[in-house]
1. Within region 101-122, which residues are at pLDDT 80 or above and not in a helix (DSSP H, G or I)?
2. Looking at region 100-131, which of its residues are surrounded by fewer than 10 Cβ atoms within 10 Å (Cβ to Cβ) and of a type in the set (S, T, N, Q)?
3. Criterion first (among the charged types (D, E, K, R), outside the structural domain of W112 (by TED's automatic domain parsing) and under 30 Å from W112 (Cβ atoms)) does E87 satisfy it?
4. Any residue that is touching a residue at least 40 places away in the same chain (Cβ under 8 Å) and under 15 Å from L30 (Cβ atoms) - is there at least one of those in region 82-92?
5. Out of the helices (runs of 4 or more DSSP H) lying entirely within region 2-93, which hold 2 or more residues that are exposed (fewer than 10 other Cβ atoms within 10 Å of the Cβ) and modelled with pLDDT under 90?
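The values are calculated or read from the model by the stated rules, or taken from the named source; none is laboratory data. If you're wondering where the values come from, they're calculated on a predicted model, not measured in any experiment. Cβ sites come from the backbone with ideal geometry, for glycine too, and all protein chains shown count toward neighbours.
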Amino acid sequence: MIRMLVLCLLALLALAQPISAQDRLPPAPLAYKQLADPVQERKAQALMETLRCLKCQSQSISDSDAPMAGDMRHQVRTRIAAGEEPEAIRQWLIERYGDYVSYTPQVKPLTWPLYAAPLAFLALAAVLLRGRFRRSKRT
């Protein structure tokens, strides 16, 4: 029984090794280094401020020190330096990581109810309040 427990523990430790190795890798070359062209760096910074760090979830990739955010900053700067447009880079990151990566969500058939629901609730509240005020004026 103890031998089986020790073997299971060793197997778990062996599986956990690749996860701990990810943080030991050096940061991507452009993770903390700005582009030489100030115009390109401004474009990169503007884009990085609108992209969410998937590990931190409350910080933009420009503010986060997570290794994943550094890799994303490197990708943004590399693509901007290659002449790619910021919106094309945003779309590439959304395709790669999903809609959650962008602070500016897109209206799609799947997400339009999220935008319409508050308006529907406001309209319903207005109708209910209007009926309530009409009844109170009659009495």
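1. S102, Y103, T104, P109
2. T104 - this is the single residue of region 100-131 that is surrounded by fewer than 10 Cβ atoms within 10 Å (Cβ to Cβ) and of a type in the set (S, T, N, Q).
3. Values: among the charged types (D, E, K, R): yes; outside the structural domain of W112 (by TED's automatic domain parsing): yes; under 30 Å from W112 (Cβ atoms): yes.
Here the answer is yes, as E87 does meet what is asked.
4. Yes, the conditions are met somewhere in region 82-92.
5. 2-22
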